[in-house]
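Here the structure comes first, spelled out in structure tokens, and everything after it is commentary.
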């Protein structure tokens, strides 16, 4: 039952964040401060740490590509299938259906079931996922839905600037370049960043709790259900496809078949807020996906390990 400890701790942190805000110990201004800390400091440090000890291997790059596609395809499907919704509902669906919470939630579960080999596979998948998660979905949704236009209808910020304006995205790209040309992260740098990247999960979960508020109204519930059911549908398709057809070892296929059921990214509420969407509904959706992900991923992993 040890694999349940960290996910349960994450759930407790979400509840703690909600309680601290409810008791006015933390305010909405603190919530914005936490989101800036996660985006600009702790998450980039966690990205650098994930590449520590990385060694080039063709199958690892395949997992990066798979992580990117598994994040991109639901996003594109949401864009194509939500044309009849209003712009805010389309934005909410596109931002929250793309990307996975791997570093803060999935990795501890994978480590407990599959060990270090599974962790490497999950981290490589997360590298591809990060292209969308750390700014890609935000850059694309603001461009496709014209959320960043001036009074004359012209786009105020080019899409490439939105990509490069995301510090986590820039960090991932820099680490990919370094790993491709054989530059490894030195041990002293990883040790220096250790207190920073270890704070990432704590701050991210507490931040979600601070954003979490009671959801009222059928529209909010419809948005949540649309995202949850859409993610589950794509997860089933990806899981079956990877397990049966991916040119990887059985253990790697099992790891990725479990990983695609990961919850909504912890950054989704942040980018929902940046798009002037409802962060309370986004946080509620992320919390629901964490509960579902815990049961589905644990059950599937236990079945694989029988």
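Points worth noting:
- Residues in the range 75-110 that are under 20 Å from residue 253 (Cα atoms), in contact (Cβ under 8 Å) with a residue 40 or more places away in the chain and either assigned to a helix (DSSP H, G or I) or touching a strand residue (DSSP E or B) at 6+ places or on another chain (Cβ under 7 Å) (or both): 102, 103, 105, 106, 108, 109, 110.
- For residue 294, the stated conditions do not hold, so it cannot be described as farther than 17 Å from residue 68 by Cα and not in a helix (DSSP H, G or I).
- All helices (runs of 4 or more DSSP H) inside the range 168-285 with 2 or more residues being over 17 Å from the mean Cα position of the chain (by Cα) and free of Cβ contacts under 8 Å to residues at least 12 places away in the same chain: 187-197, 218-245, 250-259
- If you check 85, 43 for being at pLDDT 85 or above and surrounded by 14 or more Cβ atoms within 10 Å (Cβ to Cβ), only one passes: 85.
- Residues of the range 186-218 satisfying the condition of being touching a helix residue (DSSP H, G or I) at 6+ places or on another chain (Cβ under 6 Å) and farther than 23 Å from residue 105 by Cα: 215
- In the range 17-40, residue nearest to residue 132 (Cα to Cα) [restricted to those that are surrounded by fewer than 16 Cβ atoms within 10 Å (Cβ to Cβ) and at pLDDT below 80]: 32
The values are calculated or read from the model by the stated rules, or taken from the named source; none is laboratory data. Source: prediction; values computed, not measured. All Cβ positions, even for glycine, are placed from backbone atoms using ideal geometry, and neighbour counts span all protein chains on display.
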